[in-house]
Amino acid sequence: MSLAGPGLVLDYWGPTTLEVPMWAPPDPMPDFETLADIAPLECTSNGTRHVHQSELLIDHGDGLLGSTWVFDGHSLTEDIESVLAVHMRDETGSLRLTLHTAVRPDSDVVRRWSTIHNVSADRAVTLRRAWSGGWSVNAPHGARLSYLAGAWGREFDNLQVPLRYGTFSIGSRMGVTGHLFSPHMVFEPFDVRGEVSEGTAAIGVALAWSGSWEMVAEAHANARAWRVSAGVQSEALAIVLNPGESFQTPETLGVYSAAGAEGVRRAWHHYQRKVLARSVTPYHQPVVYNSWFATRFDVRSDHQRELARVAADLGAEVFVVDDGWFRGRDSERRGLGDWTPDLDRMPEGLTPLIEAVQKTGMRFGLWIEPEGVNPDSDLFREHPDWVYRACDRPLVSLRKQYVLDFGRPEVVEWIQETLRDLLTSYQISYLKWDMNRPVTDGGRPGDARSARWAIDHTQGYYRVLQMLRDEFPHVTIEGCAGGGGRVDPAVLALTDVVWPSDETGPRDRLMIQDGFLRAYPQHVMSSWVTDLLGTRDRAQTSLGFRFVTSMAGALGIGSDLLSWDHEKVKHGRDLVELYKSIRQIVHNSQVHTHGDPGMRGYTQEFLGEDGTIVLLTWAAGRDRPADAGRFTEWLLPARLFPKTVTADRRYRVRSTGEIFTGAVLRSDGLPIPWLVAPDADVLILDPLDERPT
Ligand code: GLA
């Protein structure tokens, strides 16, 4: 980066080099565009840029829109990471803009954020847009853009679009990250023929923000680069900065990989595992049994105890009672907000159930939805003013509930106290934090500051998660928002696992998980075995298929275990044991995928540090017969070709005892014995020696 006339420009982003080429304006300059519009500026505002998009829209309130900036010094702090802060001042003398860029030697991910400070003595300004920064993606011939889109129950569909000129934008207006899009784009630049050629480097951009957001990619005929800007959603937002106040944007993250889109995925996963995760261990990624699908709201202690007995027998490590355990909560209509145990259905309270669970050797966990409140709850009767409200407009109820205003300090204090109380009164070491509706009425009657509710809410949410982490480090947190409605790098920094979707039908689930893994890593991907069929693909699969699908993430169980016979429990126990034997490798290694889950054969491959290779494989495609028991051999993929074997090493297949050299596995492939199930298998290749004998 260096300073050009209009601001801080990106000179070069790519492999390490000693000779950084400096950015130079085109010669001749195009007509009808200014230098600032052409320059790959790191972050700028209206007033500086005139023709193309800028990250900041500033309204000085006296008719002056936008700012121009002059350099005002910089600082560099070096610790685990190096953070460069470049300071600018605007021409009115009212504003100071600091652009932060952070890099660390053990990761290819670059973090960027901006701070806008009103340094004037008496002038307020309003930020009508306050994005975190822009990334320049060198792509003179256009690019293939990959992104993740979906909806409730079918999140994380991996889609591609070819882009030449224009604007492509994704985002959320829901007050949460949302099911519709993930804050994540990958660019693979086209060659002169308009294709992505072999060996093309790729760039990934993400946003670490869990409220409403937008990410916009823009290119024009005169631009040699795509500009990708990301930040908090601007439509329903006005940030008033009074004298002395400042606003710090969330972080936007970027990664360059010479290894293309796969390399970008690897860099994200590495960052999420090594930098964001507080630990990747069986403690914070345990085998969970969750009672939701077995009981729904019918939570009774005797029934839960029975479930816990079988769950422990299967090998579950934590028993989580989902929605329905608290006061009055016998359906989605009532009780949300009243976080004490329901004494009608659990007359002795929670303690005897917790003790019974702990006796089986499992930890105990609960479902909570701190931001939600039912109109039919004591909390709402006591504090009707705590919910979002747009002046006198009638409240919008969704899933029979409203949203609590986490921008009010007293609401955040209340939930912090409530959770402290819960976690100190009971031996709870796992919380599943849910959020089951978008925010539709954002606002606070009579309070001008409520125009920034979408920011304040998310910051309140982070504050509570941070408090849980600081004060109750033994409590594992699972993030959830009606399935995958709130998954982003900021959530991954404050939770241990996330629930990617309410869809647990195995073949649909596999598609969702394949998309999820494009941006997020396996160790956070909570995945339960249930009894349900998919909503899109209704075909039955074997129990083994379900288990192998869950083994690809943090395996959990959500089935009605009391309906399982002895044989099925034994089968399940064997599969949980198999999972525990590969969990460390699956969670801590890079994933390599073969095929796609919509096709006949789909495989995920993991190379452990000691050279052990784990292959999870599914006969997944939609062209296979509905009844897994009636497979004919020709329908099953016969072999797979591992990508991570070393040619001159020998490997023993743990399930069959067969021995192959890496070279043979590469050329002839590995026969799939389909021993775990007729439609799924787990192959573990144990290396026998360092060198061939
Ligand atoms: C959401 C979650 C489910 C379950 C229900 C409970 O839909 O995604 O897993 O917890 O809420 O109401």
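Looking only at residues in region 280-295 that are within 11 Å of the ligand (Cβ to nearest atom) and open to solvent by 20 Å² or more (accessible area, probe 1.4 Å), which one is farthest from GLU382 (Cα to Cα)? Ranking the qualifying residues of region 280-295, first place goes to PHE293.
Can you find, within region 452-483, the residue that is surrounded by the fewest Cβ atoms within 10 Å (Cβ to Cβ) among those that are among the hydrophobic types (A, V, I, L, M, F, W, C) and within 16 Å of the ligand (Cβ to nearest atom)?
Here is the first cut: in region 452-483, the residues among the hydrophobic types (A, V, I, L, M, F, W, C) are 453-455, 464-465, 467-468, 472, 475, 477, 480-481.
Next cut, within 16 Å of the ligand (Cβ to nearest atom) only: 477, 480-481.
Details: ILE477: 22, CYS480: 27, ALA481: 27.
Only one residue fits best here, namely ILE477.
No other residue among PRO30, PRO40, PRO25 is within 23 Å of ALA221 (Cβ to Cβ) and without any contact (Cβ under 8 Å) to a residue 60 or more places away in the chain apart from PRO25.
If you go through region 330-352 one residue at a time, do you hit one that is outside any loop (DSSP other than H, G, I, E, B), within 14 Å of the ligand (Cβ to nearest atom) and basic (Lys, Arg)? Full working, then the answer.
If we filter region 330-352 for residues that are outside any loop (DSSP other than H, G, I, E, B), which is where we start, we get 334, 341, 351-352.
Imposing the further condition that a residue be within 14 Å of the ligand (Cβ to nearest atom) reduces the set to 334.
Narrowing the set further to residues that are basic (Lys, Arg) leaves 334.
Among the residues of region 330-352, at least one is outside any loop (DSSP other than H, G, I, E, B), within 14 Å of the ligand (Cβ to nearest atom) and basic (Lys, Arg), which makes the answer yes.
Considering (1) more than 16 Å from the ligand (Cβ to nearest atom); (2) within 28 Å of VAL205 (Cα to Cα); (3) in contact (Cβ under 8 Å) with a residue 60 or more places away in the chain; (4) open to solvent by 10 Å² or more (accessible area, probe 1.4 Å), the lone condition that ARG449 does not fulfil carries the number (2).
Only residues that are within 16 Å of the ligand (Cβ to nearest atom), outside any loop (DSSP other than H, G, I, E, B) and more than 28 Å from the chain's Cα centre (by Cα): list them for region 296-322, please. I'd like the intermediate steps shown before the answer.
First, the residues of region 296-322 that are within 16 Å of the ligand (Cβ to nearest atom): 296-299, 304, 307, 318-322.
Checking which are outside any loop (DSSP other than H, G, I, E, B) leaves us with 304, 307, 318-321.
Scanning region 296-322 gives GLN304, LEU307.
When we screen MET174, MET185 for residues that are at pLDDT 95 or above, closer than 23 Å to THR495 by Cα, crowded, with 24+ Cβ neighbours inside 10 Å and touching a Ser or Thr at 6+ places or on another chain (Cβ under 8 Å), the only hit is MET185. Residues in region 241-277 that are hydroxyl-bearing (Ser, Thr, Tyr), more than 30 Å from ALA124 (Cα to Cα) and more than 15 Å from the chain's Cα centre (by Cα): TYR256, SER257. Does region 8-19 hold any residues that are of a type in the set (A, V, I, L, M) and loosely packed, with under 12 Cβ neighbours inside 10 Å, and which are they? Residue satisfying the conditions is LEU18 alone. Scanning region 492-515 for residues that are within 14 Å of the ligand (Cβ to nearest atom), assigned to a helix (DSSP H, G or I) and of a type outside the set (D, E, K, R) gives a single hit, ILE512. For region 628-653, the tally of residues that are modelled with pLDDT under 95, open to solvent by 70 Å² or more (accessible area, probe 1.4 Å) and part of a loop (DSSP other than H, G, I, E, B) stands at 0. Look at region 602-622: where a residue is in contact (Cβ under 8 Å) with a residue 60 or more places away in the chain and within 17 Å of LEU688 (Cα to Cα) and a partner is among the aliphatic types (A, V, I, L, M) and outside any strand (DSSP E or B), sitting 6+ places away or on another chain with Cβ atoms under 7 Å, you get THR612/ILE585; ILE613/VAL645; VAL614/ILE582; VAL614/ILE585; VAL614/VAL586. Of everything in region 435-445 that is open to solvent by 10 Å² or more (accessible area, probe 1.4 Å) and touching an Asp or Glu at 6+ places or on another chain (Cβ under 8 Å), the residue that is farthest from the ligand (Cβ to nearest atom) is PRO445.
Looking at ARG463, ARG393, can you tell me which residue is out of contact with any Leu (no Cβ under 7 Å at 6 or more places or on another chain) and over 22 Å from PRO250 (Cβ atoms)?
Only one candidate passes the filter, namely ARG393.
Hey, can you tell me all the residues within region 323-346 that are modelled with pLDDT under 95 and either open to solvent by 20 Å² or more (accessible area, probe 1.4 Å) or not aliphatic (A, V, I, L, M) (or both)?
Taking region 323-346 and keeping what is modelled with pLDDT under 95, we get 344-346.
Selection gives ASP344, ARG345.
Confirm whether ASP323 is over 29 Å from GLN459 (Cα atoms) and either of a type outside the set (Val, Ile, Thr) or in contact with a Phe, Trp or Tyr (Cβ under 7 Å, 6 or more places away or on another chain) (or both). Don't jump to the end; show me each part of the working.
Numbers: over 29 Å from GLN459 (Cα atoms): no; either of a type outside the set (Val, Ile, Thr) or in contact with a Phe, Trp or Tyr (Cβ under 7 Å, 6 or more places away or on another chain) (or both): yes.
So ASP323 fails the test.
Out of GLY505, GLY484, I need the residue that is touching a Pro at 6+ places or on another chain (Cβ under 7 Å), more than 23 Å from THR249 (Cβ to Cβ) and in contact (Cβ under 8 Å) with a residue 24 or more places away in the chain. Which one?
Details: GLY505 fails: touching a Pro at 6+ places or on another chain (Cβ under 7 Å).
Exactly one residue qualifies, and that residue is GLY484.
Within region 322-345, residues that are farther than 8 Å from PHE297 by Cα sit with their Cβ atoms under 7 Å from residues that are within 14 Å of the ligand (Cβ to nearest atom) and polar (S, T, N, Q), at 6+ positions apart or across chains, in these pairs: ASP322/ASN290; ASP322/SER291; ARG333/ASN374; ARG334/ASN374; GLY335/ASN374; LEU336/ASN374; LEU336/GLN401; GLY337/ASN374.
The values are calculated or read from the model by the stated rules, or taken from the named source; none is laboratory data. Since this is a predicted model, take the numbers as computed values, not measurements. FYI the Cβ positions are ideal-geometry reconstructions off the backbone, even for glycines, and counts take in every protein chain you see. For the accessible areas, the whole protein counts, side chains as well, though only heavy atoms, and no ligand, DNA or RNA atoms are used. Shrake-Rupley method; radii C 1.70, N 1.55, O 1.52, S 1.80 Å.
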